[in-house]
Structure formats: C-alpha cells, structure tokens
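Only one structure is covered here, and it is reproduced in the block below.
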Amino acid sequence: MRYLVFNGSPRKGNTWKLVKLIQEELQEISPESTFEEIQLVDLELPFCTGCSLCFRKGHEYCPHHKIMKKIIDKIDESDGMIFAMATFNMQPNALTKNLIDHLCFMLHRPHFFKNKAIVVTTTGGVGSKSAVNYLTGWLKGIGFNHCCKLPIASYSWDNYTINKKTKIKCKKLADKFNKDVSSKKMHTPTFAVLIPYNLFRGMSLGYVKGTEYETQDGAYWVDPLRSKSTYDPLINVPFYKKVFGDAFYVIGKAASKFTTITYKK
Ligand SMILES: Cc1cc2nc3c(=O)[nH]c(=O)nc-3n(C[C@H](O)[C@H](O)[C@H](O)COP(=O)(O)O)c2cc1C
C-alpha cells in the first residue's frame with residue numbers, strides 16, 4: 001500500500017510521535033508498504049487570498065496552484081493517508097486551516113472519492129476531539145471515503161510520552177486501517193455526507209454554462225453521470241439513501257431558482 005504521511009503541524013512535535021508509531025505499526029503489518037512524507041510547513045503555502053477563482057473559474061487558476069497541485073496529486077496517488085495536525089484553540093492549527101481554505105472549493109465539487117485517512121491530533125488537555133471532528137467532517141465533505149480518528153491529550157507542550165494504552169490503541173487502529181485500505185472496500189456515504197453533496201448537485205444548476213453567473217461548479221455538475229447520480233458513480237448507494245439524497249437534490253434545485261451567489265465580473 002502507498003501511504004501519504006502528511007503533517008499539518010508547524011513542527012515535528014507531540015503529534016509526530018504518534019504518527020511515527022502508527023507508521024511503524026503499518027510497516028510491520030504490511031512490510032511492502034511505502035510511505036511518502038509531506039511537511040506542510042516546508043511547502044511555504046501562502047495564505048488563501050480569498051480571490052475565489054477556484055470556485056468560479058477552476059482550481060488551476062489559484063495563485064498558489066503550483067504548490068496545491070503537488071499536494072492534490074500526492075493525495076490522489078496514495079491508497080491511505082495519515083493526516084496529522086496540532087490542536088490550537090480547540091481547532092486545527094492555522095497552517096492546517098490554510099490548507100483547508102485552499103481546498104474549500106472541493107466542498108462544492110468533491111474529488112477524493114477513493115481516499116481514506118487516519119486523522120491524528122494531540123492537544124495539551126482539551127479540544128482534540130473537536131479539532132479531529134472538524135477535520136474529518138471536511139475530509140468527508142471533499143469526498144474522502146473513510147476516516148479513522150485519533151484525538152489524544154498529550155498533557156505536555158513538547159515532551160509527550162506515549163502511554164501503554166495509547167500504544168495499544170495505535171496498533172489496533174493501524175491494523176484496522178490497513179485491512180480497510182487493502183480491501184479496497186468503498187464505504188457507502190453517510191446521511192451527513194449526502195445532504196451537502198445533493199444540495200450542491202441541485203443548486204449548481206443555477207451556475208451552468210449560459211447562466212448569468214456561470215461557474216466551475218455548474219460545469220462539474222452537468223457531467224451526465226454525475227448529474228443523475230445520488231453520489232459519485234464509483235460508489236454503491238443503497239436505495240433508501242438514494243431516496244434521501246435525491247430529496248436534498250430537489251431542495252437544492254428549487255433553491256437555485258431563488259438564490260444566486262453573485263460576483264463582480
Ligand atoms: C497556539 C497554541 C494553541 C494551543 N491550544 C490548545 C488548546 O486549545 N487546548 C489544549 O489543551 N492545548 C492547546 N495547546 C497545546 C497543544 O495542543 C499541544 O501541546 C499539542 O500536543 C501540540 O502538538 P504538536 O507538538 O504536534 O505541535 C496549544 C498550543 C499552542 C502553541
């Protein structure tokens with residue numbers, strides 16, 4: 001398996017210790033696995049400028065596309081990802097949030113449907129769960145098929161020692177994750193994923209070619225396979241979830257007639 005080890009923390013600190021432990025466990029379970037590392041801080045990604053070109057014209061027009069392409073390509077090429085970040089003020093640290101901002105357009109046009117991740121964070125004491133839930137929610141929104149969570153209180157600023165209980169947890173998590181990644185199983189989307197997906201499927205009809213504010217969102221959703229499917233055509237959706245998702249598509253389509261997001265041309 002090809003694993004991408006991604007560190008959104010500005011340093012190789014407490015969280016990194018957990019990452020290395022999970023990596024060792026994965027390597028032991030599956031010796032042929034390869035690991036590629038990205039330290040987000042080394043890429044010197046400037047702040048998102050808020051130009052919204054990614055939403056309107058396409059993400060290739062992002063002023064930081066050269067850096068972002070490298071990240072997107074590496075995620076695409078991986079079978080599984082260990083996504084690490086620090087918890088600052090009970091949320092992902094700013095460096096990680098800056099990456100999230102650069103990929104916000106993918107909430108409108110999800111992309112990483114075959115990807116799976118373990119999301120790891122440490123906190124001094126409180127807030128790791130809310131940070132992990134925030135990141136996982138975003139990953140699922142941009143298409144990630146499956147996410148495991150490891151929120152840990154380190155009770156330390158820079159001198160964390162992993163206790164026995166956490167070591168066992170990491171071993172079990174690595175085993176479960178490796179089994180899931182190697183099985184290539186595609187999990188069916190949750191209700192929480194189907195709601196925004198289908199609202200965008202419906203609402204984007206207001207931005208297709210020929211409308212006053214045509215955008216890349218409009219272009220993405222007119223793909224004949226995508227426009228007729230409750231979720232990405234790669235993934236099997238049971239009938240009851242189709243009914244549920246399609247109801248939100250109808251709501252989105254109706255909303256597109258009354259609400260238009262305008263922009264200065
Ligand atoms: C700017 C900043 C904000 C932080 N915010 C929190 C917080 O909200 N809750 C908490 O318990 N610890 C907080 N901490 C402590 C870190 O979450 C903790 O030391 C974590 O293990 C750091 O991860 P790292 O070593 O991987 O960078 C904060 C630390 C910094 C530097």
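Readers should treat all values here as calculations from the given coordinates under stated rules, not as data from a laboratory. For clarity, every value in this text was computed on a predicted model and none was experimentally measured. Here the Cβ positions follow ideal geometry from the backbone for every residue, glycine too, while neighbour counts run over all protein chains shown.
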Aspartates and glutamates whose Cα lies under 17 Å from that of Lys97, excluding same-chain neighbours fewer than 8 positions away = Asp42, Glu44
key: Spin-label zone in the range 181-224 - amide nitrogen under 19 Å from a point set 7 Å from the Cα of Ala247 along the C-beta vector   = 189-203
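For the pairs Lys74/Lys116; Lys12/Lys167; Lys74/Lys171; Lys17/Lys169, flag any whose C-alpha to C-alpha distance is greater than 21 Å. Please report the intermediate quantities before stating the final value.
Working: Lys74/Lys116 13 Å; Lys12/Lys167 19 Å; Lys74/Lys171 25 Å; Lys17/Lys169 14 Å.
Going by Cα-Cα distance, Lys74/Lys171 fall outside the 21 Å limit.
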query = Along the Cα-to-Cβ line of Tyr61, 7 Å from the Cα, sits a label point; which residues in the range 29-51 have backbone N less than 16 Å from it?
reply = 49-51
Candidates Thr87, Thr121, Thr215: whichever shows maximal mean-square fluctuation once the chain is modelled as a Gaussian network with Cα springs under 10 Å = Thr215
message = Translational diffusion coefficient of the chain at 10 °C, 1.306 mPa s, Stokes-Einstein with Kirkwood Rh over Cα pairs, in µm²/s as a whole number.
response = 81
task = Please list, or write none, the aspartates and glutamates whose alpha carbon is within less than 13 Å of the alpha carbon of Lys176, excluding same-chain residues fewer than 8 places away.
result = Glu25
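Nearest 0.05, what FRET efficiency do Val126 and Asp73 give at R0 = 25 Å with Cβ-Cβ as r?
Working: r = 36 Å, r/R0 = 1.44.
About 0.10, to the nearest 0.05.
Would you work out if the range 1-136 is rounded, prolate or oblate? Take a ≥ b ≥ c from the square roots of the eigenvalues of the alpha-carbon gyration tensor; rounded if a/c is under 1.5, else prolate when a/b is larger than b/c, oblate otherwise.
Numbers: a/c = 1.93, a/b = 1.30, b/c = 1.48.
Since a/c reaches 1.5 but b/c is at least a/b, the shape of the range 1-136 is classed as oblate.
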key: Environment charge at Thr15 (Cβ cut-off 14 Å; Lys +1, Arg +1, Asp -1, Glu -1)   = +3
inquiry  = Test of understanding: in a Gaussian network model of the chain with alpha carbons linked when under 10 Å, which of Tyr61, Tyr155, Tyr240 would top the mean-square fluctuation ranking?
reply    = Tyr240
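When the helix-only estimate is applied to the chain (DSSP H runs of n ≥ 4, each -39,500 (n - 2.57), divided by the residue count), what is the mean residue ellipticity at 222 nm, nearest 500 deg cm²/dmol?
On the way: 11 runs with 123 residues, N = 265.
Only helices count here, giving -14000 deg cm²/dmol.
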key: Spatially near lysine pairs across the range 191-258, Cα under 20 Å, sequence gap of 8 or more or different chains   = 9
request  = Once you've got the GNM for the chain with C-alpha springs shorter than 10 Å, pick whichever of Phe47, Phe83, Phe200 has the biggest mean-square fluctuation.
outcome  = Phe47
